[in-house]
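Structure first, commentary second.
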Amino acid sequence: MNITKARNNLIESQVRPWGGINYDANNALKNTPREDFVPDKYKKLAFADIEIPLNAKAKMFNPKIEGRILAELDIKSNQTVLEIGTGSGYLTAVIAKLAKSVVTIEIDEDLSKQAQEKTAKLKLNNITYKVADATKDLDINDFFDIIIVGSAMPQINQNYLYLLNTNGKMFVVEGEYNAMSAKLITRISKDKWQYKSLFETNINTMQGLAKKASFKF
């Protein structure tokens, strides 16, 4: 596989046609080795337009969603980012190339360790890793310019909104099952937020929030 060609094709055939037209973000996506963050058995699918399983409960976003998220957020080099759901660490690494700093939270300790090992090879020194359950009270005493929630929530956690700086932006997917909507939320004042619907999707629900199926006999 010609890796350089595959990375370029990913941007031109998947990311850009789906609204990922942010030049800096696309460069960061293209210049971060996605193939190194994909589990070994899925290496041949590293650049495919699919979600790639990381384990039984977690998946990587497909490339076009990653590109769209970054285009909508338009992360600047002086901004701080909170990522909820480290996953593979690929998007974490891309964000770290764009932002001033990244705090990334992952419920699965093994995934967090693997992500740290992979991003360490890229010599990124502006990432702080935390292992925690983001459905509970987070041990965070800071505000952020950008928040990215990497899995769906049946309802948006209002506490997250208060972690945004004024003019800060959050990407989150709200809903359940086949009725999920990606949203961009901007904090425009102390107690006011602006909501923008971006696209319909279907991704994993955040661990601890998924409703258990009920069966009737």
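With respect to Leu82, is the statement that it is buried (at least 23 other Cβ atoms within 10 Å of the Cβ) and in contact with a Phe, Trp or Tyr (Cβ under 7 Å, 6 or more places away or on another chain) true?
Values: buried (at least 23 other Cβ atoms within 10 Å of the Cβ): yes; in contact with a Phe, Trp or Tyr (Cβ under 7 Å, 6 or more places away or on another chain): yes.
Spelling it out, Leu82 is indeed buried (at least 23 other Cβ atoms within 10 Å of the Cβ) and in contact with a Phe, Trp or Tyr (Cβ under 7 Å, 6 or more places away or on another chain).
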Some residue of the range 126-134 being buried (at least 18 other Cβ atoms within 10 Å of the Cβ), without any contact (Cβ under 8 Å) to a residue 40 or more places away in the chain and of a type in the set (Val, Ile, Thr) | yes
Could you please find all residues in the range 39-72 being under 20 Å from Ala115 (Cβ atoms) and touching a Phe, Trp or Tyr at 6+ places or on another chain (Cβ under 6 Å)?
-> Ile52, Ile69
Which residues, taken from the range 71-114, are assigned to a strand (DSSP E or B) and free of Cβ contacts under 8 Å to residues at least 60 places away in the same chain?
-> Ser101, Val102, Val103, Thr104, Ile105, Glu106
Kindly list, by first and then second residue, each pair from a residue in the range 14-40 that is closer than 10 Å to Ala71 by Cβ and free of Cβ contacts under 8 Å to residues at least 40 places away in the same chain to a residue that is among the charged types (D, E, K, R) and outside any helix (DSSP H, G or I), limited to pairs with Cβ atoms under 7 Å and residues at least 6 apart or on different chains.
-> none
State whether one or more residues within the range 181-190 are touching a residue at least 40 places away in the same chain (Cβ under 8 Å), out of contact with any Leu (no Cβ under 6 Å at 6 or more places or on another chain) and part of a loop (DSSP other than H, G, I, E, B).
-> no
Of all residues in the range 14-28, count the ones that are assigned to a helix (DSSP H, G or I) and either touching a Ser or Thr at 6+ places or on another chain (Cβ under 8 Å) or not hydrophobic (A, V, I, L, M, F, W, C) (or both).
-> 7
Looking at the range 124-167, which of its residues are among the basic types (Lys, Arg) and at pLDDT 95 or above?
-> Lys130
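The values are calculated or read from the model by the stated rules, or taken from the named source; none is laboratory data. All values reported here derive from a predicted model rather than from experimental measurement. Cβ sites come from the backbone with ideal geometry, for glycine too, and all protein chains shown count toward neighbours.
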